[in-house]
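So the structure is just underneath, and the comments pick up after that.
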Amino acid sequence: MPDAKILCMIGASNFLKFLAKGLRRDFGKYHSYMFVPVLKKFKEKKVNVVEALCNCLDAMAITIMLSDLAEDIVTFSKHKNPQVKDQTMKFLVRCLWNTENQIPKTEVKSFLGVMLGRLEDAVVPVREASAEGFGTLMKLVEKATFASII
């Protein structure tokens, strides 16, 4: 029998996912109330909870501009919990892959700083996610822009 807390977290994240998909762009104005608490829940170790939270964040990311999430992503990529750092970096990679707009130079600079800092992390999944994000960012940004930032 699954724990009630786990079922509640999965149900809540599924609710937010469907709410974001249903409201689409109108959901974006409420992201500040929901995005940070979902990132904090990545402390949970159960695989099905983490999967539900990832799906929830992916649905939210479609409705929100990456620039609106940049500050929170940078903050949570430096979190003391390695699972939170890992999932935040993986979320950033998924956002970068799915972005349709040009990423502003200031955001590229902040994301690169985070990724380079996490490449030296003690936890292997965090390093791998950072390396993947670094490579993804290299593919998305022009060489001249990338060279001027580094």
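The table for this structure:
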quantity: Unmet criterion (only one of (1) of a type outside the set (Gly, Ala, Ser); (2) part of a loop (DSSP other than H, G, I, E, B); (3) under 15 Å from Asp58 (Cβ atoms)) for Asp121; calculated: (3)
quantity: Residue in segment 7-26 that is assigned to a loop (DSSP other than H, G, I, E, B) and either under 22 Å from Asp86 (Cα atoms) or not assigned by TED's automatic domain parsing to the domain that holds Pro82 (or both) present; calculated: no
quantity: Qualifying residue in segment 36-50 (condition: among the polar types (S, T, N, Q), at pLDDT 90 or above and surrounded by 14 or more Cβ atoms within 10 Å (Cβ to Cβ)); calculated: no
quantity: Pair list, Cβ < 8 Å and 6+ apart or interchain, from segment 60-82 residues that are within 18 Å of Glu107 (Cβ to Cβ) to residues that are not β-branched (Val, Ile, Thr) and not in a helix (DSSP H, G or I); calculated: Met65/Asn101; Leu66/Asn101; Ser67/Pro104
quantity: Count - residues of segment 1-35 that are surrounded by fewer than 17 Cβ atoms within 10 Å (Cβ to Cβ) and of a type in the set (S, T, N, Q); calculated: 2
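The values are calculated or read from the model by the stated rules, or taken from the named source; none is laboratory data. Just so you know, these numbers come straight off a predicted model, no measurement behind them. Neighbour counts run over all protein chains shown; Cβ positions are idealised from the backbone, glycine included.
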